[in-house]
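The values are calculated or read from the model by the stated rules, or taken from the named source; none is laboratory data. The shown structure was predicted, so the numbers you read here are calculated from the model rather than taken from an experiment. As a convention, Cβ positions derive from the backbone with ideal geometry for all residues, glycine included, and neighbour counts pool all protein chains shown.
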Amino acid sequence: MIKDEILKKKPQTDPFKILSPTAILGYGFPQESFINGINEKPDLIAVDAGSTDPGPYYLGAGVSFTDRTGVKRDLRYMIKAGIENKIPVVISSAGGSGAKPHMDWCENIILEIAKEEKLNFKLGLIYSDIDKNVIKKSIDAGKIEAMDGIAPLTKTAVDETPNIVAQMGVEPIIEALKKGCDIILAGRAYDPAPFSALPIMLGYDTALATHLGKILECAAIAADPGSGSDCALGILKKDSFILKPLSKDRVFTEQSVAAHSLYEKSDPMFLPGPGGTLDLRGVTFRSIGNGEVEVSGTKFIEANPYKIKLEGSKIVGYRTMTIAGTHDPIMIEKIDEILIKAKERALSILEKENIKGDIFFHVYGKNGVMGYLEPINKVFSYEIGILIEVVAKTQEIANTICSIVRSTLLHYGYEGRISTAGNLAFPFSPSDIKMGPVYEFSIYHLMPIDDFSLFPVYTKEINFKE
């Protein structure tokens, strides 16, 4: 159970301390930093376990983008320290994407740790999967709002999407805390929610708690030098909060913390989320020594109606790829022209066999990162890497197309070519890599809600103590 001294904290007089071990559960953190954080006697240990940054595959496939061993290692530290010191532990966006398969995966890890360490605690489980019929009713009522650049949501897209989640706010987590949960595992959630729920429940300022949570969800990334694999401490007060490093290798500076306002935001002054928007226009950052920075002036603009963001991804095909390189200066100079002609030749072969798919070239050393947005057209590299990517209706078709494109480019006779053995160097054998299903985000929309029953809270008594 949560210690009485935590529940009795008063925003006017008592600082509320939050330990953020790592930017993503499974990224790891130095043991020394974590111990330093525990020695600060935190009131809460919280971690954001997920993100859409790794792309749509993990949500659609129902698998984690972080390694199980790494997640278990991080959780062992957090859960043991939480139980031993009666500090609540909140984990959100379980398994990376927060759908039920991810929740089950992460819950099993927690239960393994409890059994191995012989722990007793009350576990709270909050699911964020949204019933498809609920979404369809909102579509019929004209209530679903597309995010910028996203097409309107259709019932067909809903049916084609295996896992649909919504970003919960603090309310379901507060419910779990009120039920006396020691460890809370939540599905997809707004990044600051696991950090801000408990202090908001205790009466601390919503704006400051949410702003602090937005910084702490990245752990020490807002420090200098920044790191997502190191711990950070947030100290929430009545009218401000303090960021404190937990490693001698890092400090928080006014610039490093202010720069975080540009991180993952389309607007540095406003940050929308469930229930409202953070207004950062009046924020000040003040260094107070010892590598600590104090932040004040954050405001919160309540939303009406309350909206949640829906997320879902569906299969759009299957991918095969080949990685190759070339050191030929003649080929490098003519690479754009060669790739166009080699693709045309391969397509002519495939067309006669009625084989269809999408072919992409990613040229590293030229524009592999920026693609058509790359402002520098001239290649300065003495060697380049060529990634051939094919997406098709089935894995077999993708394999066939990739094989034809690869062999065509390997032996394509461009003007000035000297080599007759082949144009490409392959680092691997076999050269063609079967990548499996390809997903795309099919749902990235806002839906208004009247209550929080969409996020049910369940509790379990875990008892492995002898």
Residue that is touching a Phe, Trp or Tyr at 6+ places or on another chain (Cβ under 6 Å), of a type in the set (Lys, Arg) and at pLDDT 95 or above, where the choices are 143, 132, 118, 136 = 118
Go through the residues of region 325-340 one by one and say whether even a single one is part of a strand (DSSP E or B) and either in contact with a helix residue (DSSP H, G or I) (Cβ under 6 Å, 6 or more places away or on another chain) or touching a residue at least 40 places away in the same chain (Cβ under 8 Å) (or both).
-> yes
Tally time: how many residues in region 342-379 are hydrophobic (A, V, I, L, M, F, W, C) and not in a loop (DSSP other than H, G, I, E, B)?
-> 10
Can you pull out the residues in region 29-57 that are of a type outside the set (Asp, Glu), surrounded by fewer than 24 Cβ atoms within 10 Å (Cβ to Cβ) and under 15 Å from the mean Cα position of the chain (by Cα)?
-> 51, 52, 54, 55, 56, 57
Among the numbered criteria (1) surrounded by fewer than 24 Cβ atoms within 10 Å (Cβ to Cβ); (2) touching a Ser or Thr at 6+ places or on another chain (Cβ under 7 Å), which single criterion is violated by residue 25?
-> (1)
Taking residue 428 as the residue in question, decide whether it is outside any helix (DSSP H, G or I), at negative phi, surrounded by 13 or more Cβ atoms within 10 Å (Cβ to Cβ) and at pLDDT 95 or above.
-> no
Kindly indicate whether residue 376 is of a type in the set (A, V, I, L, M), surrounded by fewer than 16 Cβ atoms within 10 Å (Cβ to Cβ) and in contact (Cβ under 8 Å) with a residue 12 or more places away in the chain.
-> no
Selection from region 242-282 of residues farther than 13 Å from residue 214 by Cα and among the hydroxyl-bearing types (Ser, Thr, Tyr) yields 247, 253, 256, 266
